[in-house]
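**Student:** Handing you this structure, nothing more for now.
The values are calculated or read from the model by the stated rules, or taken from the named source; none is laboratory data. It should be emphasised that the depicted structure is a prediction, and the values quoted were computed from it without experimental measurement. So basically every Cβ, Gly included, is an ideal-geometry build from the backbone, and we count neighbours across all protein chains shown. Surface accessibility is based on the protein's heavy atoms, side chains included, excluding ligands, DNA and RNA. Shrake-Rupley method; radii C 1.70, N 1.55, O 1.52, S 1.80 Å.
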Amino acid sequence: MWILLAVCSAIGLGFYDIMKKLSVRENNVPVVLFLNTVFGTMLMAPVIISGVLNGDPGLGNTFTGHLQIILKAVIVLSSWILGYFAIKHLPLTIQGPINASRPVLVLVGALIIFGERLNIWQWAGVSLGFLSLFMISRIGATEGFSFKKSRWLWMSIGATMLGAVSALYDKYLLTNFKPLEVQAWYSLYQMVIMGAILAVLFRSGHAGGKFKWRWSILGISLFLTAADIAYFYSLSLPGSMIAVVSMIRRGSVLVSFIYGVIVLHEKHVGKKLIDLAILLVSLLLLIIGSNL
């Protein structure tokens, strides 16, 4: 069941990436991001309201619990800020594979932080994952997005690394709190933090360009909320494995990649397909290795 939920989450994330690309194109990124946090909070507000009315707002009703969720909100929001700017300026067929390499970083993080040992399958998957990143950087250079010249590539890498940190932190949070309360409260804290950031940007005159309303902005929150609900419930089920769930969710790259090729007519499709194939083999090896 938890694998099926992870697959549903992956499909939702694929459409979430498409909605982001449509929303930030020639638009004000901080405002789009703030509205995303507002809509996300509205969608999850019933969880908090029902808890308060029943005398149990959740998170163990402790100050420490809320601090842990605020940390989660800071990590995710930092990843989003970098990721939104990256997806605005990078082709989906470059941004998608970079983001899809997150499970590789999750395993490396587990190796460093938790002292986990990787088997031969996982080492092979990690190696191919880094080869995929190297290849996409070379392909990006042919389109004017090299690591030497493009800060958007570095933002994409930074967003992916912070996403990996968030994934490692999620498993810890879900051993202490319920999935929906984690999602509801971190959505609320993200909105508050992003609102403060946006206020500072407007006061300083650095809020960015003009804002254009698009219905895809609401689509960001709808697809992300659905994907996150499936994700958190997947992790909360007995026997679920964060490494495997994280890998399956990266299958979302297939949805955004196909959109980038068919609708956006992005360049160098052949080379990117080879890179995508290497990445998918990498994820498959990681799944096999994680189930041994």
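**Student:** For the chain, what is the relative contact order in percent, using Cα pairs closer than 8 Å and at least 6 residues apart in sequence? Don't skip to the answer; put the middle values down first.
**Tutor:** Values: 406 pairs, mean separation 125.7, N = 292.
Answer for the chain is 43 percent.
**Student:** Let me ask something else about it. As I understand it, the dipole of the chain uses +1 on the Cβ of Lys and Arg and -1 on the Cβ of Asp and Glu, about the Cα centre. Which of 190, 103, 253 lies farthest toward its positive end?
**Tutor:** Going by the Cα projections, it comes out as 253.
**Student:** Still on this structure, I have one more. At 222 nm, what value in deg cm²/dmol follows for the chain if DSSP H runs of at least 4 each add -39500 (n - 2.57) and the sum is divided by all its residues, to the nearest 500? Mind showing how you got there, number by number?
**Tutor:** Values: 12 runs with 230 residues, N = 292.
The helix-only estimate for the chain comes to -27000 deg cm²/dmol at 222 nm.
**Student:** Let me ask you something else. Taking +1 at the Cβ of each Lys and Arg and -1 at the Cβ of each Asp and Glu, which of 164, 77, 277 sits farthest along the dipole of the chain towards its positive end, judged by Cα position relative to the Cα centre?
**Tutor:** Of the options given, the answer is 277.
**Student:** May I ask you to compute the full-extension gain from residue 262 to residue 25, defined as 0.36 nm times their residue separation minus their alpha-carbon distance, rounded to one decimal in nm? Each step should come with its number before you reach the end.
**Tutor:** On the way: separation 237, 0.36 × 237 = 85.32 nm, distance 1.75 nm.
Between residue 262 and residue 25, full extension yields an extra 83.6 nm.
**Student:** Can you sort 257, 130 by solvent-accessible area, 1.4 Å probe, largest first? Could the numbers behind the result be given before it?
**Tutor:** Values: 257 10, 130 95 Å².
The most accessible residue leads, giving 130, 257.
**Student:** Which value in nm describes the separation of the simple spin-label points at residue 141 and residue 42, placed 7 Å from the Cα toward the beta carbon?
**Tutor:** Result for the modelled spin labels: 4.6 nm.
**Student:** Using 1/(1 + (r/R0)^6) with R0 = 45 angstrom and r between the beta carbons of residue 49 and residue 113, what's the FRET efficiency to the nearest 0.05?
**Tutor:** Working: r = 36 Å, r/R0 = 0.80.
Once rounded, the FRET efficiency stands at 0.80.
**Student:** Just the number, please: Stokes-Einstein D of the chain in µm²/s, Kirkwood Rh from C-alpha pairs, 4 °C, 1.567 mPa s. It would help to have the intermediate numbers written out before the result.
**Tutor:** Details: Rh = 19.4 Å.
The diffusion coefficient I find is 67 µm²/s.
**Student:** A further question on this structure: Hydropathy at least -1.0 by Kyte-Doolittle, axial extent at least 15 angstrom from the Cα trace: which helices of the chain, defined as entire DSSP H runs, fit? Let's see the in-between values first.
**Tutor:** Values: long enough: 2-24 (32 Å, 1.39); 29-53 (35 Å, 2.04); 63-89 (39 Å, 1.20); 102-113 (16 Å, 2.36); 120-142 (34 Å, 1.13); 151-173 (32 Å, 0.60); 179-204 (38 Å, 1.03); 215-236 (32 Å, 1.29); 269-290 (31 Å, 2.04).
Helices meeting the span and hydropathy rule in the chain are 2-24, 29-53, 63-89, 102-113, 120-142, 151-173, 179-204, 215-236, 269-290.
**Student:** Find the Cα radius of gyration of the stretch 137-242, compare it with 2.2 N^0.38 Å by division, and give the number to two decimals.
**Tutor:** Details: Rg = 17.9 Å, N = 106, 2.2 N^0.38 = 12.9 Å.
Its radius of gyration relative to the 2.2 N^0.38 Å reference: 1.38.
**Student:** Another question about this same structure. Spin-label point model (7 Å from Cα, Cβ direction): what's the residue 269 to residue 1 distance in nm?
**Tutor:** 4.1
**Student:** Turning to a different aspect of this structure: Just want to confirm a number: the relative contact order over the stretch 43-196, from Cα pairs under 8 angstrom separated by 6+ residues, in percent. Walk me through the numbers on the way to the answer.
**Tutor:** On the way: 138 pairs, mean separation 66.6, N = 154.
Value for the stretch 43-196: 43 percent.
**Student:** Suppose every Lys and Arg Cβ carries +1 and every Asp and Glu Cβ carries -1, with no other charges. What dipole size does the stretch 1-130 come out with about its Cα centre, to the nearest 20 debye?
**Tutor:** Working: 7 positive and 4 negative charges, 51 e Å.
For this selection, approximately 240 debye.
**Student:** Identify the chymotrypsin sites (Phe, Trp or Tyr not before Pro) of the stretch 177-250 meeting these criteria: DSSP loop state and at most 16 other C-beta atoms within 10 Å of the C-beta. If you can, show how the numbers build up before the last one.
**Tutor:** On the way: sites: 177, 185, 186, 189, 202, 211, 213, 215, 223, 231, 232, 233; in loops: 177, 211, 213.
Answer in residue order: 211, 213.
**Student:** Let me ask something else about it. Run the reach check for residue 267 against aspartates and glutamates, Cα to Cα strictly under 14 Å, same-chain hits fewer than 8 apart removed. What comes back?
**Tutor:** 143, 275
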